[in-house]
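To keep things clear, I will list the structure first and then write my remarks on it.
The numbers here are math on the coordinates, done by the rules we state, and not lab data. From a predicted model like this one, the values you see are computed outputs, not experimental measurements. Neighbour counts are summed over all protein chains in view; Cβ atoms, including those assigned to glycine, are modelled from backbone coordinates with ideal geometry.
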Amino acid sequence: MIRRLNHAVLYVRDATAAAHFYTEVMGFEAVASIGRQAVFLRADGSTNDHDLAVMTVGERPAPAHSVGLYHLAWQVHTLEQLAALRSKLLSVGALVGESDHGVSKSLYAKDVDGIEFEVMWAVPKADWPTDLFTKRLDLDGALARWPGVDTAHQ
């Protein structure tokens, strides 16, 4: 049976530019590369050899909203980390949305190739709602309710 996602691979226009975004904005560490063709990145605190690989495909256009992957979700430990990433994503013009899903507080952004991803903080299981919903994210309210709460290993 599947235990967890080990890593993701993204085809990008320029692996070096994509790696720069994921290291400088998202806090990944570049751990290996194959010239300009591929860069392998590890998330902070990960024990994987890599969590994300970006591979150069050049300028082939990708159709919008075609069948395939919509986004990846990266989880942070605390709401304070989510807030810090929100500031970074805003500063580089990458933030495209924010949502409260009841079980998570989520930011949506696009990398340098327009690939959308989610950065989320998991709400403590004891506070999960009984009904599913999506509403506007009140990050300040969440920070006031769960200051410093680390849910990455729940």
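A few notes on this one:
- Added length on full extension, which subtracts the Cα-Cα distance from 0.36 nm per residue, residue 73 to residue 140: 22.0 nm
- Hits among aspartates and glutamates - C-alpha to C-alpha of residue 105 under 16 Å, sequence gap 8 or more where chains match: 80, 118, 127, 131, 138, 140, 150
- Rough spin-label spacing in nm, given labels placed 7 Å along Cα→Cβ, for residue 8 and residue 24: 2.1 nm
- Rounded tilt (10° steps) of 79-91 against the dominant C-alpha axis of the chain: 50 degrees
- Folded to 0 to 90 degrees: helix 15-24 orientation relative to the chain principal axis, Cα: 30 degrees
- Cβ crowding within 10 Å averaged over residues, with 122-133, 82-93 ranked highest first: 82-93, 122-133
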